[in-house]
Amino acid sequence: MHRAHRYIASLFLTAGLAASGSIVAAAPPQEASVQIRVYDRDHRDYHNWDDREEHAYRGYLTERHENYRAFDKQKHKHQKNYWNWRHSHPDRD
């Protein structure tokens, strides 16, 4: 009888470990994304800085024959000029 309890206990332990391992393996990965919002003071609106905005910004720099520099590192006057340009060049979906 003592061996039967030990055998049954080991079966339950194995089943419990296998079930918990499959639950952990099936958990979907969480996205580690941060949403960046930039305020346009002159137009009084917010813009989500995402891949689409980055693409537009790079197009703006290319059109003006300027080297890339991160938007948040630009002077306020340059940022203001970009937002004026951006409002006159909306996305075409």
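The values are calculated or read from the model by the stated rules, or taken from the named source; none is laboratory data. Please read all numbers here as calculations on a predicted model, not as lab measurements. Here the Cβ is made from the backbone with ideal geometry for all residues, glycine too, and neighbour counts use every protein chain on show. Side chains are part of the model used for accessible areas, which takes the heavy atoms of the whole protein and leaves out ligands, DNA and RNA. Shrake-Rupley method; radii C 1.70, N 1.55, O 1.52, S 1.80 Å.
The table below lists the values:
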{"item": "Segment 35-93 - percent of accessible surface contributed by carbon and sulfur, probe 1.4 Å", "result": "44 percent"}
{"item": "Extended-chain gain in nm, criterion 0.36 nm per residue less alpha-carbon gap, ASN81 and ILE8", "result": "18.8 nm"}
{"item": "Solvent-accessible area of TYR68 with every protein chain in place, 1.4 Å probe, in Å² to the nearest 10", "result": "110 Å²"}
{"item": "Accessible-area value, ASP42, 1.4 Å probe, nucleic acids and ligands omitted, Å²", "result": "80 Å²"}
{"item": "Computed P(r) (all Cα pairs; segment 49-93; 10 Å bins; percent)", "result": "26, 65, 10, 0"}
{"item": "Virtual paramagnetic centre 7 Å along Cα→Cβ of ARG52, amide N under 18 Å, in segment 61-90", "result": "83-90"}
{"item": "Per-pair calculated FRET efficiency, R0 = 22 Å: GLU63 and ARG41 via Cβ, rounded to 0.05", "result": "0.45"}
{"item": "Placed amide H near ASP40: partners under 5 Å, 5+ positions off or other chain", "result": "ASP45, TYR46, HIS47"}
